[in-house]
1. Which one of LEU42, LEU61 is farther than 28 Å from ARG367 by Cα, at pLDDT below 80 and crowded, with 20+ Cβ neighbours inside 10 Å?
2. Here are some residues: ALA329, ALA393, ALA350, ALA397. Which one is modelled with pLDDT of 75 or more and either outside any helix (DSSP H, G or I) or under 23 Å from the mean Cα position of the chain (by Cα) (or both)?
3. Output the number of the condition that ALA326 fails; it satisfies all remaining conditions of (1) out of contact with any Gly (no Cβ under 7 Å at 6 or more places or on another chain); (2) buried (at least 24 other Cβ atoms within 10 Å of the Cβ).
4. Would you mind finding the one in MET100, MET91, MET126, MET135 that is modelled with pLDDT of 85 or more, over 21 Å from LEU168 (Cβ atoms) and surrounded by 20 or more Cβ atoms within 10 Å (Cβ to Cβ)?
5. Does segment 5-19 include one or more residues that are out of contact with any Gly (no Cβ under 7 Å at 6 or more places or on another chain), hydrophobic (A, V, I, L, M, F, W, C), modelled with pLDDT of 75 or more and in a helix (DSSP H, G or I)?
6. I'd like the full set of residues that are closer than 21 Å to ARG259 by Cβ and either modelled with pLDDT under 90 or buried (at least 22 other Cβ atoms within 10 Å of the Cβ) (or both), limited to segment 302-316.
7. Residues in segment 212-230: is at least one modelled with pLDDT of 85 or more, within 30 Å of ARG367 (Cβ to Cβ), of a type outside the set (Lys, Arg) and assigned to a helix (DSSP H, G or I)?
Amino acid sequence: MLPVSAEPEPRIRSRTFAALIENPDYRKFYVGQGVSLVGTWLQDAAVSWIVYEMTRSEWDLGVVSAAGTLPGLLVGLYAGAMADRVPPKKMILGMQVAQMLFAFVLALIVGLGVVQIWQMALVLAMTRVCVAFEMPSRQVFLYDLVGEASLPNAIALNSGLFNASKVLGPALAGVCLVGFGRTACFTLNGLSYLAAIAALMMIRRPHIPVLTPHATGGGLLAGLRHLGHDRHLAALFVSMTFFGVVGMGYSALVPAYARRVVGVGTYGYSVLLASSGLGATLGALALASLGGLRRKDLLVPGGMALFGLSLAAAGGLPPFLIEYGARRAGLLVAVLGMFGAGFGALIFYASTQTQIQTHVPNHLRGRMMGVWMIVFSGSVPLGSLWAGMLANAHGVAAVMLVSAALCLCVGAIAAATGILRRPPIPRRTLGTPHQPRA
């Protein structure tokens, strides 16, 4: 009888939506964050379009994009240490309220017609500080909600939610920019935070001391020191840094790509962003269904390679097709290329995050997520800056082709050498047992 009763559980866990089906608190968190993320991407698309319309400068796009991510470098280690000490729910609530207020500040200055580039960059930088404190705590909170067994599925589902909102947000931004004006984009984003705040308030969990004094030892640099002793985790962080700098720099240039390469306006820009988000969403769903895959380490270079191929198609083919009169074919290739780039980037990032989350010691989880925040917050804006400089000199298409070629080369090397494959280690070295938090 025991073998029969034990069989259904693995099948449940291998289903695409297992974490949502099995965990009511996670469902509340998931829905609330989904509404908020739609508003976030709506604002993000509106900011990029407004900046480009005001300046017509790829460099300014890169600077504003960097302002929206770079501050995480300054506070990432401290935010990670706080995530190991402060109950994550309290931290997330506080940061969500602060981000809501900053969204309303943007709505005010845009609505009054006094907005300038430096003002927008400053508000986005302050918002990013809030995000930098929230993200490590959110990763800890996710682990506490679903547990280790369901964590890979929950990470994939969260990635799918993140990118599904990336489809809806830009589409809604196009409608708002054309039909209701710029102010509506920021007002709606501010209101969207209410859903996330309400969902968090509905999650009732008993207060349990976060960690023992021994577990919180090691200070701010404990996560970095651990990387010095774990070559596998270090390789994952290095690959994330490379991909953020070299691969994702193009994302800040999508408005210029829409105007100068593909030759479309606001709606076309929204479609390009939405196609990337749709690709990432489907990539997340595909990843969530791969619970039984043995060589998950191959997903990291595989995602990078797919991203490179798609970005090369998007950067190289549309200019050629449009120049020779095949405008519709050029637009279709651009949309499909952005779709594939989103799919590949999601596979890369979600697979990397899953490997990191499932192999870090529990007592260092917050601080390791702080290092993750630094890597993400530092690599993507640096990529935006070099992409903006190169695009000013050689064009957006050239940036995309260079990024694609480098990602293809590194992905092929990583797959051939197996550098990202984790060596077997004793279970006892994975950290302290799972301990729920408040």
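1. Every option except LEU61 fails the conditions.
2. None of the other options fit; the residue is ALA350.
3. Result: ALA326 fails condition (2) only.
4. Sole residue among the options that is modelled with pLDDT of 85 or more, over 21 Å from LEU168 (Cβ atoms) and surrounded by 20 or more Cβ atoms within 10 Å (Cβ to Cβ): MET91.
5. Taking every residue of segment 5-19 in turn, at least one turns out to be out of contact with any Gly (no Cβ under 7 Å at 6 or more places or on another chain), hydrophobic (A, V, I, L, M, F, W, C), modelled with pLDDT of 75 or more and in a helix (DSSP H, G or I).
6. SER310, LEU311, ALA314, GLY315, GLY316
7. No; the residues of segment 212-230 include none that is modelled with pLDDT of 85 or more, within 30 Å of ARG367 (Cβ to Cβ), of a type outside the set (Lys, Arg) and assigned to a helix (DSSP H, G or I).
The values are calculated or read from the model by the stated rules, or taken from the named source; none is laboratory data. None of these values were measured; they are calculated from a predicted model. Cβ sites come from the backbone with ideal geometry, for glycine too, and all protein chains shown count toward neighbours.
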